[in-house]
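Structure first, commentary second.
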Amino acid sequence: MDMDKICKRVIKHYGVINQLNKACEEINELKNEIDVPSDKQNKQRIVDEIADVSIMVYQIILITENIIRDFDINEDGIDTRVDFKLSRLERRMDGLE
Ligand SMILES: [Mg+2]
């Protein structure tokens, strides 16, 4: 599936504000699925909610990329920040931070 093409169409069709609200809804749905004792969790529902949140995170990235570009903000990209945070996690686990 062409995630980029479909998500851009969704944002154009429903609008930025609606999709940001939808992202909050989907994140909350995932939170509700995982925020129960492990023996009460429904694995298929968790997988479905992770899929929903993945689609919404992609849309958030598309939306915020436009905002950053429109305001000509010079920020590190998401990939750079992910690398930094993963390295920090490793340093912490290794007792170096
Ligand atoms: Mg959902």
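The values are calculated or read from the model by the stated rules, or taken from the named source; none is laboratory data. This one's a predicted model, so the numbers in the text were calculated from it and none came from an experiment. Every residue, glycine as well, gets a Cβ built from its backbone with ideal geometry; the counts of neighbours run over all protein chains shown.
Numerical summary
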{"read-out": "Hits in the stretch 13-45 (condition: under 26 Å from Thr80 (Cβ atoms) and surrounded by 13 or more Cβ atoms within 10 Å (Cβ to Cβ))", "value": "Val16, Gln19, Leu20, Ala23, Glu26, Ile27, Leu30"}
{"read-out": "Residues (touching a Leu at 6+ places or on another chain (Cβ under 7 Å) and not aliphatic (A, V, I, L, M)) located in the stretch 1-20", "value": "Cys7, Lys8"}
{"read-out": "Residue within the stretch 48-62 that is of a type in the set (A, V, I, L, M), away from the ligand (no atom under 11 Å from the Cβ), modelled with pLDDT under 95 and over 18 Å from the mean Cα position of the chain (by Cα) present", "value": "no"}
{"read-out": "Options Asp2, Asp48: the member that is of a type outside the set (Ser, Thr, Tyr) and loosely packed, with under 10 Cβ neighbours inside 10 Å", "value": "Asp2"}
{"read-out": "Residue that is more than 16 Å from the chain's Cα centre (by Cα) and away from the ligand (no atom under 16 Å from the Cβ), where the choices are Asp39, Asp35, Asp79", "value": "Asp39"}
{"read-out": "Boolean, Leu96 is assigned to a loop (DSSP other than H, G, I, E, B) and either at negative phi or away from the ligand (no atom under 15 Å from the Cβ) (or both)", "value": "yes"}
{"read-out": "Which listed residue, of Ile67, Ile55, Ile60, is loosely packed, with under 14 Cβ neighbours inside 10 Å, under 20 Å from Asp4 (Cα atoms) and not charged (D, E, K, R)", "value": "Ile67"}
